[in-house]
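The values are calculated or read from the model by the stated rules, or taken from the named source; none is laboratory data. Worth saying up front: this structure is predicted, and the values here are computed from it rather than measured. Quick reminder, even Gly has a Cβ in these numbers, built from the backbone with ideal geometry, and neighbours come from all protein chains shown.
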Amino acid sequence: MLSWIDEPADEEMHLDSDYRIDVSEVIRNIDGAEVIALYFPLLRKTLLMDLRTNEIDGAMIRVVPMANTPEERFQSLVKMRPRFRKPDSIVIIPWPKYVASIADLGIWDHIVRRYAETGSPSTVRECERCLRELTKLERDEIHRAITGENYETMWGQRGVSEVEALVSDDDEDFDEDDEGEDALFEDDDA
């Protein structure tokens, strides 16, 4: 089974850049699910959380490339965690907001608490490392957007060749019979 959180079921919503997130539903899923994929479309990254444990492997949290399909996510998880069976479900949560909003809305506290409950301080440290990584990825992406690196504008910008073409087009319209610029500056005293 694959769960998808998108449209809120009740009126308790927070707005940020016109994207509605039902925070209580996100928290409910984080508090109850074993495997969660919180993905960031702008970054093309996913915070993959697997809280299953056994006598050898503890809980896992990683920043991974965003999967193209749910089946691809299942397959990648099986490869990362070969001592675990394929999970019955993965809760997939799209996050179209800033990374910092996860903490601002109280969601990050629930994630860290779930990992703290596993009793592994190293996993809690890994949570914080993942948050720093996502924050850096977002900062780098915003920088690229501002500088135009790997981005294209929706509207063209006039380049030198276009301006030169406009100037040369104006010159072609000049007719020798026209008075031209000299007539504008003739001395009336002459």
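Of note:
- Pairs with Cβ under 6 Å, 6+ apart, first in the stretch 36-47 and within 13 Å of ASN68 (Cβ to Cβ), second surrounded by 20 or more Cβ atoms within 10 Å (Cβ to Cβ) and of a type in the set (Val, Ile, Thr): ALA37/THR46; ALA37/ILE90; ALA37/ILE92; TYR39/THR46
- Residues in the stretch 110-133 that are surrounded by 14 or more Cβ atoms within 10 Å (Cβ to Cβ) and among the acidic types (Asp, Glu): GLU126, GLU133.
- Of the criteria (1) modelled with pLDDT of 95 or more; (2) surrounded by 13 or more Cβ atoms within 10 Å (Cβ to Cβ); (3) out of contact with any Leu (no Cβ under 7 Å at 6 or more places or on another chain), which one LYS136 fails: (2)
- Within the stretch 132-146, residues that are under 14 Å from TRP108 (Cβ atoms) sit with their Cβ atoms under 9 Å from residues that are β-branched (Val, Ile, Thr) and in a helix (DSSP H, G or I), at 6+ positions apart or across chains, in these pairs: LEU134/ILE102.
- Which numbered condition GLY119 misses (of (1) assigned to a loop (DSSP other than H, G, I, E, B); (2) touching a residue at least 12 places away in the same chain (Cβ under 8 Å); (3) farther than 30 Å from TYR151 by Cβ): (2)
- Answer residue from the stretch 70-92, given it is in a helix (DSSP H, G or I) and among the hydrophobic types (A, V, I, L, M, F, W, C) and is farthest from ASP140 (Cα to Cα) among those: VAL78
- The stretch 30-42, subset crowded, with 19+ Cβ neighbours inside 10 Å and not hydroxyl-bearing (Ser, Thr, Tyr), residue nearest to the chain's Cα centre (by Cα): PHE40
- Qualifying residue in the stretch 56-69 (condition: outside any strand (DSSP E or B) and free of Cβ contacts under 8 Å to residues at least 24 places away in the same chain): yes
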